[in-house]
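The values are calculated or read from the model by the stated rules, or taken from the named source; none is laboratory data. Quick caveat, the model's predicted, so the values are computed rather than measured. A quick note on method: Cβ atoms are made from the backbone with ideal geometry, for glycine too, and the neighbour counts reach across all protein chains shown.
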Amino acid sequence: MVVKRTELSQKDHDELVAKIAKERFSYEDRTTYTNPDNEQNYAVDGEYPDIVAAKSGSSPIMGEVETEGSVSEEESEQWKKYAALNGCVYLYVPKSKVSDAKRIIKDKEVRITGLRSYEYVDGEFVITNIEM
């Protein structure tokens, strides 16, 4: 079950997707696609993660972006789907939700490549790699 966001939270989510794609998914040898607001711009085996960095003949690098209201056990089913695909999956969550995300990942045995947090510090957007 995918969490249904309000119009405002969907806008916030989509802005985060664009920001994270620009900051963490800019590769010289890959093309980066985003699938905001249920758009289907680029699929990986029929699934549409928020961010996909693709290169012909290589496994994709995927990013899934969650917001304050979408870090949940229900949403973890989607994380599991993406983790089962042939590629790397990075999960981005608000810093305030890191503990919840780690617990859910462990409890639900979600096999992602990496967990990242994001926050604004003095007006600056900061992404941090989280130890699993």
Over the stretch 31-53, the set of residues touching a helix residue (DSSP H, G or I) at 6+ places or on another chain (Cβ under 9 Å), part of a strand (DSSP E or B) and over 18 Å from residue 84 (Cβ atoms) is 32, 33, 34, 53
So residue 85 passes all but one of these: (1) touching a helix residue (DSSP H, G or I) at 6+ places or on another chain (Cβ under 9 Å); (2) among the hydrophobic types (A, V, I, L, M, F, W, C); (3) assigned to a loop (DSSP other than H, G, I, E, B). Which condition number does it fail? (1)
Being over 28 Å from residue 45 (Cα atoms), at pLDDT 95 or above and surrounded by 15 or more Cβ atoms within 10 Å (Cβ to Cβ) is true for just one of 97, 102. Which residue is that? 97
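Just to be sure, is residue 27 over 15 Å from the mean Cα position of the chain (by Cα), outside any helix (DSSP H, G or I) and among the aromatic types (Phe, Trp, Tyr)?
Here the answer is yes, as residue 27 does meet what is asked.
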Of everything in the stretch 60-78 that's outside any loop (DSSP other than H, G, I, E, B) and charged (D, E, K, R), which residue is surrounded by the most Cβ atoms within 10 Å (Cβ to Cβ)? 64
Which one of the conditions (1) closer than 14 Å to residue 118 by Cα; (2) surrounded by fewer than 16 Cβ atoms within 10 Å (Cβ to Cβ); (3) among the charged types (D, E, K, R); (4) without any contact (Cβ under 8 Å) to a residue 40 or more places away in the chain does residue 23 fail to meet, given that it meets all the rest? (4)
Here the qualifying pairs (Cβ atoms under 9 Å; residues six or more apart or on different chains; first in the stretch 98-113 and closer than 12 Å to residue 73 by Cβ; second polar (S, T, N, Q) and assigned to a helix (DSSP H, G or I)) come out as 101/76; 104/76; 105/76; 107/76; 108/76; 110/76
Considering 82, 92, which residue is surrounded by 19 or more Cβ atoms within 10 Å (Cβ to Cβ) and within 14 Å of residue 132 (Cα to Cα)? 92
